[in-house]
Amino acid sequence: MDFDEAYSALLEDTARERVGFSADRVANGLGHAERLFLQTVWWPAFGQFDNLYPEYEVHDFADRGRYIDFAYIRPHYRIAVEIDGKGTHWQNITLEQFNDHARRQNDLLIDGRHVLRFTYDQLTRLPKSCQQTVVQLIGRLSGDVRQDWLGIPALNQGTLDLAAHLDRPIRAKDVAIRFGVTSRTATRHLRELAESGWLGPETRGRRVHGYRLARRRRR
């Protein structure tokens with residue numbers, strides 16, 4: 001499945017699960033900046049949209065319904081992703097709207113959500129940096145990242161942390177479930193870590209059935 005097919009399926013599935021105004025917000029597609037985030041950041045990083053919910057409704061402490069651009073929901077944490085689109089929005093915003101914007105973000109944090117914000121400029125000029133930010137947060141939410149891992153891609157950091165905490169060899173399925181990536185993506189990252197000397201393969205005959213942290217990384 002390519003991006004366009006996955007994007008259409010995401011909108012169709014989301015609209016099918018909602019009713020009324022909430023369904024209408026996704027039925028005709030997302031805004032340009034929101035679609036760009038999916039295409040240049042999320043899709044290259046994860047290759048799927050599992051556990052990601054566009055135009056997700058939340059309620060603030062005054063019980064007012066609000067929508068966040070994307071919610072990523074896992075059993076032990078929730079991430080809110082907000083996209084600041086291009087244009088004169090911030091130039092024309094009123095003081096009350098600016099205050100409300102701050103209250104909105106504070107409500108998300110108080111509600112226990114981790115909030116990520118990206119600008120349209122970042123999505124167009126620095127997509128790889130945005131990818132790293134998202135993946136690094138997800139990796140850190142699964143455990144602490146060691147200092148000597150900071151020079152490698154964020155998903156690899158999270159994978160190494162997971163391998164360090166398992167009492168058995170780590171497998172592609174473990175990575176896919178923990179970080180919400182495809183099995184193909186998980187397998188690729190495990191192989192990259194093994195080729196770089198961070199992991200050592202566990203074999204049965206000629207078959208690799210998992211990986212463990214290497215005692216000493218090859219330089």
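Where does each of 166-177, 46-57 land if you order them by average Cβ count within 10 Å, highest first?
Highest mean packing first, the order is 46-57, 166-177.
Once you list every other residue whose beta carbon is under 14 Å from the beta carbon of V26, what net charge do they have if Lys and Arg are +1 and Asp and Glu are -1?
Counting the neighbours of V26, the net charge comes to -4.
For the pair H209 and E192, how long in nm is the line joining their label points, each one 7 Å along Cα→Cβ?
2.8
On full extension of the chain, what length is gained from T94 through Q39, given 0.36 nm per residue of separation minus the C-alpha to C-alpha distance?
Here the answer is 16.7 nm.
Determine ³J(HN,Hα), in whole Hz, for all residues of the stretch 169-175 in sequence, where each value follows from phi through the Karplus function 6.51 cos²θ - 1.76 cosθ + 1.60 and θ = phi - 60°; x replaces Gly and Pro.
Per residue, the Karplus-derived 3J(HN,Hα) values read x, 7, 10, 4, 4, 4, 5 Hz.
Check F70: other-chain or 5+ apart residues with amide H under 5 Å from its amide H, H built from backbone geometry?
E55, Y56, V81
Karplus couplings for the stretch 21-29 from phi (6.51 cos²θ - 1.76 cosθ + 1.60, θ = phi - 60°), rounded to Hz, Gly and Pro as x?
4, 4, 5, 5, 5, 10, 4, 9, x
Since every read-out is calculated from the coordinates, none of them should be taken as a lab result. Note that the structure is a prediction, hence the values are computed from the model and not measured. In this analysis, Cβ positions are derived from the backbone assuming ideal geometry, glycine residues included, and neighbour counts consider all displayed protein chains.
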